[in-house]
Amino acid sequence: MTINELCDVIRETSFDIHKYHRSGHLEKIYENALAHRLRKRGLTVEQQHPLTVYDEDGTILGEYYADLFVDNRLVIELKACKSTTEEHVAQLLGYLVSAKRHDGLLINFGVPKLFIRKYVMG
């Protein structure tokens with residue numbers, strides 16, 4: 001499955017979750033729901049998965065925990081808030097750069113119309 005096909009599956013699954021649960025739950029509920037439904041589709045999903053953070057010279061600085069890490073290649077940052085801010089985008093982009101990952105999704109379940117955006121590091 002290509003990364004775009006994987007993102008399509010996650011988008012569809014997220015829309016189904018949002019349609020059923022709507023907004024108003026804590027972020028952890030959406031994390032559990034998305035992980036559960038993606039696993040049912042046969043995908044490898046890790047919750048609160050540690051990703052190593054590197055400095056530009058390769059020195060390990062520590063780690064952060066991705067809300068979801070899917071198929072060993074896609075970082076998903078989940079939110080359940082009234083609006084997505086530049087800080088949320090910067091958080092995901094920072095994670096991708098410093099953990100040397102290429103693809104990420106930012107999903108906000110906390111709004112009446114589901115917010116989902118893909119970010120790619122060049």
Go over the candidates 5, 27, 12, 31 one by one and state the one that is at pLDDT 95 or above, of a type in the set (Asp, Glu) and more than 15 Å from residue 107 (Cα to Cα).
5
Scan the strands (runs of 3 or more DSSP E) fully inside the range 44-122 and keep the ones with 2 or more residues being β-branched (Val, Ile, Thr) and within 20 Å of residue 12 (Cβ to Cβ).
74-79, 115-120
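Per-residue answers, yes or no, for (1) in contact with an Asp or Glu (Cβ under 9 Å, 6 or more places away or on another chain); (2) surrounded by 13 or more Cβ atoms within 10 Å (Cβ to Cβ); (3) not acidic (Asp, Glu):
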residue	(1), (2), (3)
42	no, no, yes
46	no, yes, no
49	yes, yes, yes
60	no, no, yes
68	yes, yes, yes
81	yes, yes, yes
91	yes, yes, yes
95	yes, yes, yes
100	no, no, yes
Say whether the condition of being on the phi > 0 side of the Ramachandran plot and under 14 Å from the mean Cα position of the chain (by Cα) is met by at least one residue in the range 39-53.
yes
Within the range 86-122, residues acidic (Asp, Glu) and farther than 22 Å from residue 2 by Cα come out as 86, 87
Residue check, residue 87 among the charged types (D, E, K, R) and either crowded, with 19+ Cβ neighbours inside 10 Å or touching a Pro at 6+ places or on another chain (Cβ under 7 Å) (or both)
no
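The values are calculated or read from the model by the stated rules, or taken from the named source; none is laboratory data. Since this is a predicted model, take the numbers as computed values, not measurements. Note that we place each Cβ from the backbone using ideal geometry, even for glycine, and neighbour counts take in every protein chain shown.
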